[in-house]
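The structure under discussion appears below in the form of structure tokens.
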Amino acid sequence: MIRGVFTRTNLPDSPHSTDEYTVSSAAQNRIDQLTDPMQTVRRGFIIFLRVECGLMPASIEAYTRDLETLMLDLQERGLNEITDTTPDALIRHVRSMTAQRGYSSATISRHLATTKVFFRWLLATGKIDNNPADHLDQPTKWKKLPGVLTPGQMRKLLSAPKPPEKPIKGNPPLWMRDRAILELMYASGLRASEVGQIGKMDILEKLGVVRVLGKGDKHRLVPMGKPAQHALDVYMNQCRPMLISAKSAGEQRDQGKLFLTRTGRPIERVRVWQIVKHWANQAGLPKTHPHMLRHSFATHLLMGGADLRIVQELLGHADITTTQIYTHVDRSKLNETIKNLHPRG
């Protein structure tokens, strides 16, 4: 690995991770517009991300898309080779992202991270003599505060999955699975991509913990809590056996995973997103997405007095600065405490 070019804090995994990386027609159209020199450099950087950095396929896809956006913009400015890039060209590019394209701060943050790592890689491999991205702000300055549900909103969401008014005989009660997923995501601060990776053997019931495979193929043990355990018991006893025995379920199609689709296959990240969005809409919380359950998990722990280092371990963050973003949420409680308890409050 090229030292000093990449760390996981420089270039974080995309929140939209999937198990495969395929080039869409839109992506192929972007690639076809690139000059031959640009395409050659692009391919080299993708190999670097995949082999040396070990990023997830969807992360590679996201950062490749950022790179293609940068390259196409540079070409429009008359720079057909990456070696022609100047600091001024990069400044103009970043300005266009906010002024013309209207990208969110999170998207710009990731794009800047991609740009900085890309040019460090070019410098380290001798493709450029000077790094035009040295002047760009660190992406941490662009961080957006996470969306968080209140405890009351979370209760509404967790209680939303219910049996249909007119259940169809023989259909598996998928609402039990969905409730178990929501309970576990909130109780243990899981990412959507981590839900589908949990195996039956990862539920350590006697210890009251779940073993989670997170980013960088790192395992962590996270407590579940009794409501989540109860929801899992209901799902395991009353729903999962029906999914395993479904006519469309092949032999060992479940691969030993905990959460399954109605056809007995391991549930995927996209389906987890759909489940959260569906029940959030039912609960009157339409802007809720899966990562908000993780944000709320961390936020509510800190509100309850949990140590930041403990929350870092539970979330599986390699760097505590990633966890520190959650310390914003309890400002109102902090101000109220000072007002009520401090002599000069």
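For the stretch 151-337, a simple Cβ point-charge model (Lys and Arg +1, Asp and Glu -1, everything else neutral) yields a dipole of about 580 debye relative to the Cα centre. Packing order of peptides 194-201, 33-40, highest average first: 194-201, 33-40 (average count of other Cβ atoms within 10 Å over each peptide's residues).
Taken one residue at a time, the phi angles of the stretch 222-228 give Karplus couplings (6.51, -1.76, 1.60, θ = phi - 60°) of 10, x, 9, x, 5, x, 5 Hz. Gly and Pro are set to x. In order along the stretch 308-321, phi translates into HN-Hα couplings of 4, 5, 5, 4, 4, 5, 5, 7, x, 7, 6, 10, 5, 5 Hz, rounded to whole numbers, per the Karplus curve 6.51 cos²θ - 1.76 cosθ + 1.60 with θ = phi - 60° and x for Gly and Pro.
Per-peptide packing, taken as the mean over residues of other Cβ atoms within 10 Å, places 272-281, 46-55 in the sequence 272-281, 46-55 from highest down.
Phi-derived couplings, Karplus 6.51 cos²θ - 1.76 cosθ + 1.60 at θ = phi - 60°, listed residue by residue for the stretch 186-196: 6, 5, 10, x, 7, 7, 4, 5, 7, 4, x Hz, with x used for Gly and Pro.
Each Lys and Arg Cβ is given +1 and each Asp and Glu Cβ -1; about its Cα centre, the stretch 25-142 then shows a dipole of about 320 debye.
Each reported figure results from applying straightforward, stated rules to the coordinates on display, with no laboratory input. Computed from a prediction, not measured in an experiment: that's the story for all the values here. Cβ sites come from the backbone with ideal geometry, for glycine too, and all protein chains shown count toward neighbours.
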